[in-house]
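Derivation of every value follows stated rules applied to the coordinates shown; laboratory data play no part. This structure is a prediction, so every number in the text was calculated from the model and none was measured. Virtual Cβ from ideal backbone geometry, glycine too; neighbours counted across all protein chains shown.
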Amino acid sequence: MNEKIKNYLAIAIVVALFLFSLSAVGFVRSYSKSIEPSAFRSFSVRGEGKAIAIPDVAQFTFSVITEGGLDIAGLQKENTQKANSAIDFIKLEGVKTKDIKTQNYTIEPRYQRFSCPRPLPGGVVKPCPPPKIIGYTVRQSVLVKIRNFDTTGDILAGVVKSGVNSVSQLSFTIDDPAELENEARTKAIKQAKEKAKSISKAGGFRLGRLLSIEEGGFFPQPVFRTLEARVAGASAPVPTIEPGSQEIRINVTLRYEIK
């Protein structure tokens, strides 16, 4: 009797080990699929979406450059008065304080440099005098953003009348491109999905799960227009400003499981 019990126990242990090995194999397969789903039975498709964007912000930089002698305080006062006058004018045209930003303010010396002849062989060598400061240049640069394009030309012409002697880097950009990016992204994903369905139909297989999605794209940078004006006390004509349009482009790559 004891011998029979031993045999039954041995058979039970063998069966249990067999079932355990089967479950272990199944677990390993399931785990491998979870960490690398359909690695050898998948395909990818690419889609592209575009959205046309009309710039809603114009921006430019103006500078007040004041050159003079050694009276730094006097040069600073003159420079500040002209810059403040231009800023006051811009605010009167409806530009908000948050859209006016001082980019830099510098005071640089101007030197007189001496040209010293080379000493002749055997001659007396005289020391060359060092460069001498003969004056200073004060420069203040301000970045301005304009949201009402109807006033752009008047502002560009008006700041010059206010005492500004350098206007440059006119550009157009989009203040908040998120909505347009979403529009382009939606189009790109839709195109990729339709392409995946077409490929699976032509290839005679079923489309499985979406395994991954990758995104790239082109986002518009500020478009610069040629604008460089340096004047001194001259009245400037009002320029015609056209912002044009820009293109936001999104690319997506979808990877699908093949069933």
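Things to note:
- Whole-Å semi-axes of segment 176-217's equivalent ellipsoid (Cα gyration tensor): 27, 10, 7
- The residues neighbouring G135, those whose beta-carbon lies less than 12 Å from its own, together hold a net charge of -1 under the Lys/Arg +1, Asp/Glu -1 convention.
- Across segment 246-255, rounded Karplus estimates of 3J(HN,Hα) from the backbone phi angles (6.51 cos²θ - 1.76 cosθ + 1.60, θ = phi - 60°) give 10, 10, 9, 10, 10, 10, 10, 10, 9, 10 Hz, Gly and Pro being marked x.
- If you plug the beta carbon distance of S212 and A157 into 1/(1 + (r/R0)^6) with R0 = 51 Å, you get a FRET efficiency near 0.40.
- Under-5 Å amide H pairs with S162, H placed in peptide plane, nonlocal only: none
- In this rough spin-label picture, where each label sits 7 Å from Cα along the Cβ direction, the I258-D56 distance is 4.6 nm.
- Under 12 Å, Cβ to Cβ, from E215 - net charge with Lys/Arg +1 and Asp/Glu -1: 0
- On the basis of the beta-carbon distance and an R0 of 30 Å, F149 and N104 show a calculated FRET efficiency of 0.65.
- Estimated from the Cβ-Cβ distance and a Förster radius of 25 angstrom, the FRET efficiency linking S245 and K197 is about 0.15.
- Using 0.36 nm per residue and subtracting the Cα-Cα separation, the extra length available between E179 and S85 on full extension is 30.1 nm.
- In sequence order, segment 177-188 has phi-based couplings of x, 4, 5, 5, 5, 5, 4, 5, 5, 4, 5, 5 Hz under the Karplus curve 6.51 cos²θ - 1.76 cosθ + 1.60, θ = phi - 60°, and Gly or Pro positions carry x.
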